[in-house]
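To start, the structure itself, in structure tokens.
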Amino acid sequence: MKNKLLNRGFLSLVVSQFFGAMNDNILKVILTFTVIRGVWEGKLGDGGQGIVGVCFTVPFILLSGFAGQIADRFSKRTVTVWVKIAEIPIVALAGIGFYTQNLWITLFALILLTCQSSFFGPAKYGMIPELVPDGELSRANGIINMMTNLAVIGGTILAGVASDLYGGQNMLWIPFAVMTVTAVLGLLAAWTLTPLPAGNPGIQYELNPFATYVETIREMSKSRLLMVMMAWGYFYLLAGLALYIVPEYSVVLNVSDTEASVLMGVLGIAIGVGCAVAGWISGHHIEPRLTTVGAAGLIVFFILLAAVPPWMPNLGPMKRVLLSNVSFFILGAGFFSGFYIIPLQALLQKLSPDDERGQFLGTANAVSFTFMTVSGILFYLLRPAFGVQPQHMFYICSLLMFLGAAFFLWKLRGTGILTGSSSEANNLPLSESTTPEETENPYQSPADVP
């Protein structure tokens, strides 16, 4: 990998993001396990993890617009350091909630941690084009997503072990210790980021996040960028549903929380590898047609997860789950997820105006978490209907992926964005109609189109 990609600033961002994603996942997964069959079992009803998911996503919707303005106003390094400082007292509060076995304190801490993460998102993704050349965007996003999913693996495994120790061994201090150490490591990584200039020091704040979203979406609607954002955000509807279903395999396979966390780890590895391979295939270009390949793969593996009866070999703990057919199908779904999201993410960064990138990416974040919120509500409403076979909900995931892929292929027809070659996708304008003037600069921002 070339030195212009593996520079100190980018590596610091990768490590800081790694520990941030790990902590988010540790808190969310421990909460999910304790709500499914732990100390808080039944307190939120069947499908209670959907409520946990909604608490995790709503702050992103409310704050991402304002967070994008902050990322555009100040240095993105400064924003990153401050949000990492805020993470430490928040996870301490979560630790108190677990120690006192107070569900509501812990849920409140989850909401606060999500608020903190919502300010990191636009700064993080907006920082990438400032740290690496345009030709390395696909690879940079591949690395970021790969490391994020490795963090999900680490966080999930730690959360599974911590959940068993917390509930089974009555070690009430475990969540506090694990999350605090992770937060401190994330802060240290953020501190080593290279200095970055402020994007637009004269920006006027709009405190109403929905006004920011409306204005940004209006600008995006002047080009194909709006559909690119919607296709990217739509993925999180399916991802959210899948993340609620997978922990249910602790009941479906009759295994411990620690063993069930292996499946979450497999999913994280698969998405990470898929993102890295998508970045490698893209090279110095953006390969949007990989999104179509990813959608097709997701449809197939979602059907397999729903239709094929779960099976495990007669081996010891952990190995039997790792070598199960469920693990293989999750591996396939996760791998093709990486193909789906990397090109769309790179296009969002490439096509967003430099001085408004934070707001554009903040709006994209809000859209993706809106889809995740819908997935939490959908899961909560549908889960009781599937009884002791929650894995059959993957039929719904497959149908939604098919309908979504068909819609976005139709909306982006004629552009080469999802079906053409990399040269077509990197040289065609995104506007609804093509003029000679527009083709001179296919990546000009919507605001620059006359």
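The values are calculated or read from the model by the stated rules, or taken from the named source; none is laboratory data. If you're wondering where the values come from, they're calculated on a predicted model, not measured in any experiment. Neighbour counts run over all protein chains shown; Cβ positions are idealised from the backbone, glycine included. Areas reflect the complete protein model, heavy atoms only, side chains present, ligands, DNA and RNA absent. Shrake-Rupley method; radii C 1.70, N 1.55, O 1.52, S 1.80 Å.
Packing-based ranking of 320-327, 145-152, 101-108 yields 145-152, 320-327, 101-108, ordered from highest to lowest mean Cβ neighbour count within 10 Å. Measure nothing fancy, just the Cα-based angle from helix 257-282's long axis to the longest principal axis of the chain, in degrees from 0 to 90, nearest 10. So the helix axis and the longest Cα principal axis differ by about 20 degrees. Determine the distance separating the Cα centre of segment 15-38 from the Cα centre of segment 336-365; give it in Å without decimals. For segment 15-38 versus segment 336-365, the Cα centre distance is 25 Å. When you restrict to C-alpha pairs under 8 Å that are six or more residues apart and normalise by the size of segment 207-354, the relative contact order lands at 33 percent.
Averaged over residues, the count of other Cβ atoms within 10 Å places the peptides 267-280, 386-399 in the sequence 267-280, 386-399, highest first. What segment 240-374 shows is 32 Å² of accessible area per residue, with the surface traced by a 1.4 Å probe over protein heavy atoms. Take 24-36, 50-62, 82-94 and order them by the average number of nearby Cβ atoms within 10 Å per residue, most first; the result is 24-36, 50-62, 82-94.
Sequentially through segment 221-229, phi angles give Karplus couplings (6.51, -1.76, 1.60; θ = phi - 60°) of 5, 6, 9, 6, 4, 4, 5, 4, 4 Hz, Gly and Pro residues having no value and appearing as x. A cut-off of 5 Å between modelled amide H atoms, ignoring neighbours fewer than 5 places along the same chain, links A198 with S75. Dipole magnitude for the chain: about 660 debye, using +1 per Lys or Arg Cβ and -1 per Asp or Glu Cβ, origin at the Cα centre. In this rough spin-label picture, where each label sits 7 Å from Cα along the Cβ direction, the L403-W280 distance is 3.7 nm. Per residue, segment 1-155 exposes 32 Å² of solvent-accessible protein surface, assessed with a 1.4 angstrom probe and all protein chains in place. On the chain, 67 percent of the accessible area sits on carbon and sulfur atoms, based on a 1.4 Å probe. Pairs of Lys residues in the chain are counted when their Cα atoms are under 25 angstrom apart and they lie 8 or more places apart or on different chains; the count is 18. Relative to the longest principal axis of the Cα atoms of the chain, the long axis of helix 8-37 makes an angle of roughly 40 degrees.
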